[in-house]
Every structure is written in C-alpha cells, then in structure tokens.
Amino acid sequence: PDYFGVTLTIVQGSGAAVQTGVPALLQAAISDTRLAYFSPQRAYSQSAAGQAAQARLTALQMERAREIDVRSKTLQTQQQQLEQSTSFLTENARGQRAKELERFEVDLQRFIQDAQAEMTGFQRDVESEFLAKLRPALEQVVKDKSLWLVFNDDAGLIAWANPALDITREVVKHIDQP
C-alpha cells in the first residue's frame, strides 16, 4: 500500500519481505498509544451542562442589555425634553433639570459598570461550575483508557493530531451523566 508516496517494507524473522501501508502501522500505534487530546471549549459547547450554563449567561446578558437600553432611552428622552423646553424654563429650572440629567447619566454609567462586573462574576461562576464537572469526567476517561498524557487542544500547542486520539466526545458523555 502507498500512503503519501511512502511504502514500507518490513522484513519478518523468516526473511520474507512484507509490504505494509502506513495506515495499518498508524492504527497499531494508536491502539497502543497512551496519549490523547481534548477540547474544553468543545466539551463546554457540546455538553448539556455547558449549554445550560451558556443559556443562563445569555439570558442575564439580554436582561441587562434591555435594562440599559430602557435607561438610555429615558435619558435621551429627558435630554430632548430639556432642549425643547429651554426657552420656557427659568435659569434656575434649566440648571436644576441639567443637574438631574447629569445625575441620571452618572447613575446610568454606574449601572453599566455594575452590570459588566455582574456579568464577569457570573461568567466566572459558570466556568467554575463547569470545571467542577469537567475535571472528574476527564479523570474518568483518562482512567478508563489508561492514558499517560492528555493535551488541551484549545491551547494551540498541537499542530496536528490524528482525530482518533480526540477524547472530547467521551468526556462530554461523562459530563452529561447524572
């Protein structure tokens, strides 16, 4: 057999030459390999636990975005009202309304910062929850397959690997087990 232009000839103990294709050798090597890789990001996106966590995170993001949108529109409306009524208001009334708008704008900026901090904290919590499920699942797959070393495919250190060494799907199965 020819694999990328390479044919191996193996001389057996009897002296007879046997041609073997690289794929057969790869399969034999893979079956004896104690190395694997997996993708934590794919495990997160493919597992029920990761999908549920992402749904909670997305729901919170959308809720905060709606609140920010409502407050921004309220500020914009109040600014327009002040501009339209400037000629009707006294100097003191204009100054008072301008200060109220400034306070509202500062409150909006604080709300946005608080929402961002809340999202960051929530995301950290979600990631921690997922890692608490990921670690034992990965450890179980490592134990079941008697692996010596598992590479993180998301770290960008693997230039190429045989897909047969990818254990992500098996890790996801263990994460999703009750």
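The values are calculated or read from the model by the stated rules, or taken from the named source; none is laboratory data. Since the model is a prediction, treat every value here as computed from it, not as a measurement. Because the Cβ atoms are built from the backbone with ideal geometry, glycine has one as well, and the counts that use them run over all protein chains shown. Side chains are part of the model used for accessible areas, which takes the heavy atoms of the whole protein and leaves out ligands, DNA and RNA. Shrake-Rupley method; radii C 1.70, N 1.55, O 1.52, S 1.80 Å.
The string of couplings for the range 152-168 from the Karplus curve (6.51, -1.76, 1.60, θ = phi - 60°) is 8, 5, 6, 6, x, 8, 9, 7, 7, 8, 5, x, 5, 8, 7, 9, 4 Hz, one whole number per residue in order, with x for Gly and Pro.
Within 15 Å, Cβ to Cβ, of Val141, how many net charges do the neighbouring residues add up to if Lys/Arg are +1 and Asp/Glu are -1? Within the 15 Å Cβ shell, the charges total +2. Here's how it looks for Ser39: its modeled amide H is under 5 Å from those of Asp153, Thr168, which are all 5 or more places away or on a different chain. Note on the range 34-178: with neighbouring protein chains present and a 1.4 Å probe, carbon and sulfur make up 52 percent of its accessible heavy-atom surface.
Give the calculated FRET efficiency between Arg56 and Glu83 to the nearest 0.05, with a Förster radius of 41 Å applied to their Cβ-Cβ distance.
0.50
Suppose R0 equals 41 Å; then what is the FRET efficiency for Ala155 and Asp69 from their Cβ-Cβ distance, rounded to the nearest 0.05?
0.60
In square angstrom, what is the accessible area per residue of the range 34-111 with a 1.4 angstrom probe? List each step's numbers first, then the result.
On the way: 5240 Å² over 78 residues.
The answer is 67 Å² per residue.
Residues whose amide H falls under 5 Å from that of Thr33, counting only those 5 or more places apart or on a different chain, are absent, with hydrogens built in the peptide plane. Listed by chain and number, the lysines placed with their C-alpha closer than 24 angstrom to that of Lys99 are Lys73; residues fewer than eight positions away on the same chain are left out. Computed 3J(HN,Hα) for the range 139-151, one whole-Hz value per residue from the Karplus formula 6.51 cos²θ - 1.76 cosθ + 1.60 where θ = phi - 60°, is 4, 5, 5, 4, 5, 4, 9, 6, 7, 9, 8, 10, 8, glycine and proline marked x. Let me know the shape class of the range 46-109, please: from the alpha-carbon gyration tensor, a ≥ b ≥ c as square roots of the eigenvalues, rounded when a/c is under 1.5, otherwise prolate if a/b is greater than b/c, or oblate. It comes out prolate by the Cα gyration axes. Surface calculation, 1.4 Å probe, protein heavy atoms: Thr77 sits at approximately 70 Å² accessible.
Figure the gain on full extension for Trp148 and Glu100 (residue separation times 0.36 nm, minus the Cα-Cα span) and round it to one decimal in nm. Display every interim value, and only then the final one.
Numbers: separation 48, 0.36 × 48 = 17.28 nm, distance 6.51 nm.
Stretched fully, the Trp148-Glu100 segment lengthens by 10.8 nm.
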